Amino acid sequence: MKPIYISLLALAACCMGCSKEAQPEMTPDLGIGKQFSPPADSPAEIKDMYNRYGLWVRMDFKDWKEVTNGVLATDPNNRWGATKIDDASRPAITMYSQALLSNVSEKFAKKFFPLEFFFVKTYGGSFWMDDLKILGRSRLIITWPNQMFGALPVTDPANHYYQDSVLTRHIWYSIGFMAAARFDAPPTEFVLAGKAYDGGEARDKVFQQFPNDRDAREKIFDQMALNGGFITAGGTISFDNDFAEWIQVLATESYANIKAQYLDNSAARTRKYEVLVRFLKTYDWDIQASGEHYRDRLDHP
(Lines give C-alpha, C1' and ligand atoms only; values in the text may rest on other atoms or scores of the structure.)
Protein backbone atom coordinates (compact mmCIF):
# COMPACT_ATOMS: atom_id res chain seq x y z
CA MET A 1 0.00 0.00 0.00
CA LYS A 2 3.00 2.33 0.50
CA PRO A 3 3.32 3.25 -3.21
CA ILE A 4 -0.39 4.13 -3.32
CA TYR A 5 -0.08 6.49 -0.33
CA ILE A 6 2.95 8.20 -1.90
CA SER A 7 1.05 8.69 -5.17
CA LEU A 8 -1.93 10.17 -3.35
CA LEU A 9 0.28 12.59 -1.43
CA ALA A 10 2.02 13.68 -4.65
CA LEU A 11 -1.33 14.25 -6.34
CA ALA A 12 -2.54 16.34 -3.39
CA ALA A 13 0.62 18.45 -3.51
CA CYS A 14 0.12 19.11 -7.21
CA CYS A 15 -3.47 20.18 -6.65
CA MET A 16 -2.43 22.53 -3.83
CA GLY A 17 0.15 24.11 -6.12
CA CYS A 18 -2.27 24.78 -8.96
CA SER A 19 -3.55 28.28 -9.66
CA LYS A 20 -6.93 29.26 -8.33
CA GLU A 21 -7.82 30.76 -11.71
CA ALA A 22 -10.78 29.03 -13.30
CA GLN A 23 -9.25 29.79 -16.69
CA PRO A 24 -5.52 30.41 -17.34
CA GLU A 25 -4.76 33.96 -18.45
CA MET A 26 -1.95 35.50 -20.50
CA THR A 27 1.03 36.93 -18.64
CA PRO A 28 0.91 40.74 -18.66
CA ASP A 29 3.08 42.51 -21.22
CA LEU A 30 6.63 42.54 -19.88
CA GLY A 31 7.59 45.55 -21.99
CA ILE A 32 10.48 43.79 -23.75
CA GLY A 33 9.49 45.19 -27.13
CA LYS A 34 9.44 48.73 -25.79
CA GLN A 35 12.76 48.22 -24.02
CA PHE A 36 14.57 47.27 -27.21
CA SER A 37 12.90 49.53 -29.75
CA PRO A 38 13.17 53.26 -30.46
CA PRO A 39 11.23 55.49 -28.07
CA ALA A 40 8.20 57.36 -29.34
CA ASP A 41 10.08 60.65 -29.70
CA SER A 42 12.81 59.15 -31.94
CA PRO A 43 13.39 60.73 -35.36
CA ALA A 44 11.19 59.37 -38.12
CA GLU A 45 14.21 57.92 -39.96
CA ILE A 46 15.22 55.86 -36.93
CA LYS A 47 11.70 54.50 -36.47
CA ASP A 48 11.44 53.74 -40.20
CA MET A 49 14.64 51.67 -40.14
CA TYR A 50 13.37 49.78 -37.11
CA ASN A 51 9.98 49.11 -38.65
CA ARG A 52 11.41 47.96 -41.97
CA TYR A 53 14.48 46.02 -40.86
CA GLY A 54 13.97 45.27 -37.16
CA LEU A 55 17.16 47.20 -36.34
CA TRP A 56 17.39 49.96 -33.76
CA VAL A 57 20.09 52.51 -34.63
CA ARG A 58 20.88 53.78 -31.14
CA MET A 59 22.83 56.89 -30.25
CA ASP A 60 21.72 57.80 -26.72
CA PHE A 61 22.24 56.47 -23.23
CA LYS A 62 22.12 57.87 -19.71
CA ASP A 63 24.69 55.50 -18.21
CA TRP A 64 27.56 53.90 -20.15
CA LYS A 65 26.57 50.53 -18.67
CA GLU A 66 23.53 50.67 -20.95
CA VAL A 67 26.01 50.22 -23.80
CA THR A 68 28.08 47.42 -22.30
CA ASN A 69 25.00 45.45 -21.23
CA GLY A 70 23.53 44.05 -24.43
CA VAL A 71 20.31 42.16 -24.93
CA LEU A 72 22.00 38.75 -24.93
CA ALA A 73 25.52 39.51 -23.70
CA THR A 74 27.59 41.89 -21.59
CA ASP A 75 31.10 43.26 -21.69
CA PRO A 76 32.38 43.03 -18.11
CA ASN A 77 35.96 43.74 -19.23
CA ASN A 78 35.17 47.30 -20.27
CA ARG A 79 36.20 49.25 -17.20
CA TRP A 80 36.42 52.55 -19.04
CA GLY A 81 32.90 52.88 -20.33
CA ALA A 82 31.63 54.64 -23.41
CA THR A 83 31.07 58.26 -24.36
CA LYS A 84 28.19 59.67 -26.35
CA ILE A 85 28.49 60.80 -29.93
CA ASP A 86 28.59 64.48 -30.79
CA ASP A 87 25.16 65.78 -31.71
CA ALA A 88 26.59 67.03 -35.00
CA SER A 89 27.29 63.38 -35.96
CA ARG A 90 23.67 62.26 -35.82
CA PRO A 91 22.73 63.03 -39.46
CA ALA A 92 25.85 61.26 -40.77
CA ILE A 93 25.16 58.16 -38.67
CA THR A 94 21.59 58.05 -39.89
CA MET A 95 22.67 58.35 -43.53
CA TYR A 96 25.35 55.68 -43.10
CA SER A 97 22.88 53.26 -41.56
CA GLN A 98 20.28 53.94 -44.25
CA ALA A 99 22.85 53.28 -46.98
CA LEU A 100 23.96 50.00 -45.42
CA LEU A 101 20.40 48.76 -44.95
CA SER A 102 19.46 49.68 -48.50
CA ASN A 103 21.91 46.95 -49.56
CA VAL A 104 20.16 44.10 -47.73
CA SER A 105 16.63 42.73 -47.91
CA GLU A 106 14.16 43.47 -45.13
CA LYS A 107 13.42 39.75 -44.86
CA PHE A 108 17.05 38.77 -44.20
CA ALA A 109 17.66 41.67 -41.81
CA LYS A 110 14.61 40.89 -39.70
CA LYS A 111 15.62 37.24 -39.48
CA PHE A 112 19.38 37.39 -38.95
CA PHE A 113 20.61 40.93 -38.22
CA PRO A 114 21.53 42.05 -34.71
CA LEU A 115 18.83 43.96 -32.87
CA GLU A 116 20.90 47.10 -32.45
CA PHE A 117 23.64 49.22 -33.97
CA PHE A 118 24.80 51.27 -30.98
CA PHE A 119 26.89 54.26 -32.09
CA VAL A 120 29.21 55.86 -29.52
CA LYS A 121 32.07 58.34 -29.68
CA THR A 122 34.49 56.12 -27.74
CA TYR A 123 34.28 52.63 -26.32
CA GLY A 124 36.87 51.51 -23.81
CA GLY A 125 39.84 53.71 -23.11
CA SER A 126 43.34 53.94 -21.70
CA PHE A 127 45.80 52.19 -24.05
CA TRP A 128 43.19 50.28 -26.04
CA MET A 129 39.85 51.27 -27.52
CA ASP A 130 37.46 49.15 -29.52
CA ASP A 131 36.39 50.50 -32.90
CA LEU A 132 33.77 47.76 -33.30
CA LYS A 133 32.52 45.54 -30.51
CA ILE A 134 30.20 42.57 -30.80
CA LEU A 135 28.01 41.82 -27.81
CA GLY A 136 26.50 38.39 -28.28
CA ARG A 137 24.30 38.18 -31.32
CA SER A 138 22.22 41.24 -30.47
CA ARG A 139 24.32 44.40 -30.34
CA LEU A 140 27.05 45.81 -32.56
CA ILE A 141 28.82 48.80 -31.01
CA ILE A 142 30.35 51.17 -33.56
CA THR A 143 32.53 54.16 -32.69
CA TRP A 144 31.87 57.30 -34.71
CA PRO A 145 33.83 58.82 -36.28
CA ASN A 146 35.67 55.52 -36.47
CA GLN A 147 39.38 55.45 -35.57
CA MET A 148 40.10 51.99 -36.97
CA PHE A 149 43.41 51.71 -38.81
CA GLY A 150 42.71 52.69 -42.41
CA ALA A 151 39.27 54.15 -41.74
CA LEU A 152 38.53 57.54 -43.28
CA PRO A 153 37.35 60.78 -41.72
CA VAL A 154 33.73 61.64 -42.45
CA THR A 155 33.87 64.33 -45.12
CA ASP A 156 30.89 63.31 -47.25
CA PRO A 157 28.25 61.84 -44.91
CA ALA A 158 25.80 60.92 -47.68
CA ASN A 159 28.41 58.68 -49.35
CA HIS A 160 30.58 57.59 -46.43
CA TYR A 161 29.21 54.04 -46.54
CA TYR A 162 30.62 53.67 -50.08
CA GLN A 163 33.81 55.66 -49.52
CA ASP A 164 35.12 54.11 -46.31
CA SER A 165 35.58 50.53 -47.43
CA VAL A 166 37.66 49.65 -44.35
CA LEU A 167 34.84 50.47 -41.95
CA THR A 168 32.09 49.08 -44.17
CA ARG A 169 33.82 45.75 -44.73
CA HIS A 170 34.54 45.33 -41.04
CA ILE A 171 30.90 46.05 -40.23
CA TRP A 172 29.72 43.49 -42.78
CA TYR A 173 32.07 40.91 -41.28
CA SER A 174 30.61 41.64 -37.85
CA ILE A 175 27.08 41.38 -39.20
CA GLY A 176 27.89 38.05 -40.85
CA PHE A 177 29.44 36.71 -37.66
CA MET A 178 26.42 37.76 -35.59
CA ALA A 179 23.97 36.47 -38.20
CA ALA A 180 25.63 33.04 -38.14
CA ALA A 181 24.83 32.79 -34.44
CA ARG A 182 21.13 33.15 -35.25
CA PHE A 183 20.99 30.06 -37.46
CA ASP A 184 19.31 27.07 -35.87
CA ALA A 185 21.99 25.08 -37.71
CA PRO A 186 24.43 25.97 -40.49
CA PRO A 187 22.94 25.45 -43.97
CA THR A 188 23.92 21.89 -44.79
CA GLU A 189 24.56 22.49 -48.49
CA PHE A 190 26.89 25.39 -47.72
CA VAL A 191 28.91 23.41 -45.18
CA LEU A 192 29.20 20.32 -47.39
CA ALA A 193 30.40 22.42 -50.33
CA GLY A 194 33.78 22.77 -48.60
CA LYS A 195 35.92 21.01 -46.04
CA ALA A 196 34.80 20.49 -42.44
CA TYR A 197 35.58 23.05 -39.74
CA ASP A 198 38.24 22.05 -37.22
CA GLY A 199 38.08 24.70 -34.51
CA GLY A 200 41.42 26.15 -35.57
CA GLU A 201 43.41 22.93 -35.14
CA ALA A 202 45.10 23.05 -38.56
CA ARG A 203 46.05 26.73 -38.20
CA ASP A 204 47.52 26.10 -34.76
CA LYS A 205 49.70 23.32 -36.14
CA VAL A 206 51.02 25.62 -38.86
CA PHE A 207 51.92 28.25 -36.26
CA GLN A 208 53.71 25.59 -34.24
CA GLN A 209 55.66 24.30 -37.25
CA PHE A 210 56.62 27.75 -38.59
CA PRO A 211 56.69 30.10 -35.59
CA ASN A 212 59.16 32.52 -37.22
CA ASP A 213 58.50 32.02 -40.93
CA ARG A 214 55.54 34.16 -41.90
CA ASP A 215 55.93 33.55 -45.63
CA ALA A 216 55.76 29.79 -45.15
CA ARG A 217 52.69 30.14 -42.96
CA GLU A 218 50.88 32.36 -45.46
CA LYS A 219 51.52 29.93 -48.33
CA ILE A 220 50.03 27.07 -46.35
CA PHE A 221 47.10 29.20 -45.19
CA ASP A 222 46.35 30.20 -48.78
CA GLN A 223 46.34 26.56 -49.83
CA MET A 224 44.05 25.62 -46.93
CA ALA A 225 41.56 28.27 -48.00
CA LEU A 226 41.76 27.36 -51.68
CA ASN A 227 41.27 23.62 -51.11
CA GLY A 228 38.66 23.95 -48.40
CA GLY A 229 36.38 26.55 -49.95
CA PHE A 230 37.22 29.36 -47.54
CA ILE A 231 37.96 33.02 -48.17
CA THR A 232 40.92 32.79 -45.79
CA ALA A 233 42.28 30.09 -43.51
CA GLY A 234 40.36 31.82 -40.70
CA GLY A 235 37.22 30.31 -42.19
CA THR A 236 38.43 26.83 -41.27
CA ILE A 237 37.75 27.54 -37.60
CA SER A 238 33.96 27.58 -37.60
CA PHE A 239 30.83 28.26 -39.58
CA ASP A 240 30.59 31.67 -37.90
CA ASN A 241 34.00 32.73 -39.22
CA ASP A 242 33.42 31.19 -42.65
CA PHE A 243 29.99 32.74 -43.15
CA ALA A 244 31.21 36.15 -41.95
CA GLU A 245 34.09 36.20 -44.42
CA TRP A 246 31.84 35.26 -47.33
CA ILE A 247 29.26 37.91 -46.40
CA GLN A 248 31.97 40.54 -46.10
CA VAL A 249 33.27 39.81 -49.60
CA LEU A 250 29.97 39.32 -51.42
CA ALA A 251 28.34 42.44 -49.98
CA THR A 252 31.18 44.72 -51.05
CA GLU A 253 32.76 43.23 -54.19
CA SER A 254 31.92 42.76 -57.86
CA TYR A 255 31.47 39.32 -59.37
CA ALA A 256 34.38 39.93 -61.74
CA ASN A 257 36.75 40.55 -58.84
CA ILE A 258 35.38 37.65 -56.77
CA LYS A 259 35.74 35.30 -59.74
CA ALA A 260 39.29 36.35 -60.45
CA GLN A 261 40.46 36.24 -56.84
CA TYR A 262 38.51 33.36 -55.32
CA LEU A 263 36.61 31.23 -57.83
CA ASP A 264 38.79 30.61 -60.87
CA ASN A 265 41.37 28.71 -58.83
CA SER A 266 39.04 26.83 -56.47
CA ALA A 267 36.18 24.46 -57.24
CA ALA A 268 35.26 24.37 -53.55
CA ARG A 269 34.95 28.14 -53.37
CA THR A 270 32.87 28.14 -56.53
CA ARG A 271 30.46 25.65 -54.97
CA LYS A 272 30.18 27.68 -51.78
CA TYR A 273 29.64 30.89 -53.71
CA GLU A 274 26.80 29.38 -55.74
CA VAL A 275 25.16 27.84 -52.68
CA LEU A 276 25.35 31.05 -50.65
CA VAL A 277 24.01 33.31 -53.40
CA ARG A 278 21.14 30.89 -53.98
CA PHE A 279 20.43 30.61 -50.25
CA LEU A 280 20.31 34.37 -49.71
CA LYS A 281 17.89 34.79 -52.61
CA THR A 282 15.38 32.73 -50.61
CA TYR A 283 15.40 35.73 -48.26
CA ASP A 284 14.91 38.15 -51.18
CA TRP A 285 18.54 39.30 -50.99
CA ASP A 286 20.55 39.40 -54.19
CA ILE A 287 23.82 39.90 -52.37
CA GLN A 288 25.86 39.90 -55.58
CA ALA A 289 23.83 42.84 -56.87
CA SER A 290 24.65 44.61 -53.61
CA GLY A 291 28.33 43.85 -54.13
CA GLU A 292 28.25 45.11 -57.71
CA HIS A 293 26.60 48.33 -56.56
CA TYR A 294 29.10 48.82 -53.77
CA ARG A 295 32.16 48.26 -55.94
CA ASP A 296 30.81 50.61 -58.60
CA ARG A 297 30.21 53.38 -56.08
CA LEU A 298 33.63 52.79 -54.51
CA ASP A 299 35.39 52.96 -57.88
CA HIS A 300 33.33 55.87 -59.20
CA PRO A 301 32.66 58.25 -56.31
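The values are calculated or read from the model by the stated rules, or taken from the named source; none is laboratory data. Given the structure is predicted, the values throughout are model-derived calculations rather than measurements. Quick reminder, even Gly has a Cβ in these numbers, built from the backbone with ideal geometry, and neighbours come from all protein chains shown. Just the protein is used for accessible areas: all its heavy atoms, side chains included, with ligands, DNA and RNA removed. Shrake-Rupley method; radii C 1.70, N 1.55, O 1.52, S 1.80 Å.
Numbers at a glance
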quantity	calculated
Extreme residue, most open to solvent (accessible area, probe 1.4 Å), among residues of region 227-247 that are among the hydrophobic types (A, V, I, L, M, F, W, C) and part of a loop (DSSP other than H, G, I, E, B)	Ile237
Which listed residue is under 21 Å from Glu245 (Cα atoms) and among the charged types (D, E, K, R), from Asp156, Asp198	Asp198
Contacts under 8 angstrom Cβ, first residue in region 142-170 being of a type in the set (Asp, Glu), partner part of a helix (DSSP H, G or I), 6 or more apart	Asp156/Gln163
Residue satisfying all of: in region 185-205; in a helix (DSSP H, G or I) and in contact (Cβ under 8 Å) with a residue 12 or more places away in the chain; least open to solvent (accessible area, probe 1.4 Å) among these	Phe190
Residues located in region 283-301, provided they are of a type in the set (Asp, Glu) and not in a helix (DSSP H, G or I)	Asp284, Asp286
Conditions (1) on the phi < 0 side of the Ramachandran plot; (2) modelled with pLDDT under 95: number failed by Asp86	(2)
Answer from Asp284, Asp299 - the residue that is charged (D, E, K, R) and on the phi > 0 side of the Ramachandran plot	Asp284
Selected residue (criterion: surrounded by the most Cβ atoms within 10 Å (Cβ to Cβ)) from residues of region 255-279 that are part of a helix (DSSP H, G or I) and polar (S, T, N, Q)	Thr270
Residues (open to solvent by 10 Å² or more (accessible area, probe 1.4 Å) and either at pLDDT below 95 or not β-branched (Val, Ile, Thr) (or both)) located in region 160-173	Tyr162, Gln163, Ser165, Arg169, His170, Tyr173
For Arg182: the one exception among (1) touching a strand residue (DSSP E or B) at 6+ places or on another chain (Cβ under 8 Å); (2) touching a residue at least 60 places away in the same chain (Cβ under 8 Å)	(1)
Complete set of residues in region 90-143 that are open to solvent by 10 Å² or more (accessible area, probe 1.4 Å), outside any strand (DSSP E or B) and in contact with a strand residue (DSSP E or B) (Cβ under 6 Å, 6 or more places away or on another chain)	Lys121, Asp130, Asp131
Residue in region 58-68 that is exposed (fewer than 14 other Cβ atoms within 10 Å of the Cβ) and either part of a strand (DSSP E or B) or among the small types (Gly, Ala, Ser) (or both) present	no
Flag for Ile220 being under 23 Å from Asp164 (Cα atoms) and either free of Cβ contacts under 8 Å to residues at least 12 places away in the same chain or not acidic (Asp, Glu) (or both)	no
Selected residue [loosely packed, with under 13 Cβ neighbours inside 10 Å, β-branched (Val, Ile, Thr), at pLDDT 95 or above and closer than 19 Å to Phe112 by Cβ] from Thr252, Thr282	Thr282
Region 207-216 - residue that is open to solvent by 30 Å² or more (accessible area, probe 1.4 Å) and part of a helix (DSSP H, G or I) and, of those, farthest from Ile171 (Cα to Cα)	Gln209
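One line per residue, one yes/no per condition, for (1) more than 19 Å from Phe183 (Cα to Cα); (2) free of Cβ contacts under 8 Å to residues at least 40 places away in the same chain; (3) charged (D, E, K, R):
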| site | (1), (2), (3) |
| --- | --- |
| Ala260 | yes, yes, no |
| Arg269 | yes, no, yes |
| Tyr273 | no, yes, no |
| Arg278 | no, yes, yes |
| Lys281 | no, yes, yes |
| Glu292 | yes, yes, yes |
| Arg297 | yes, no, yes |
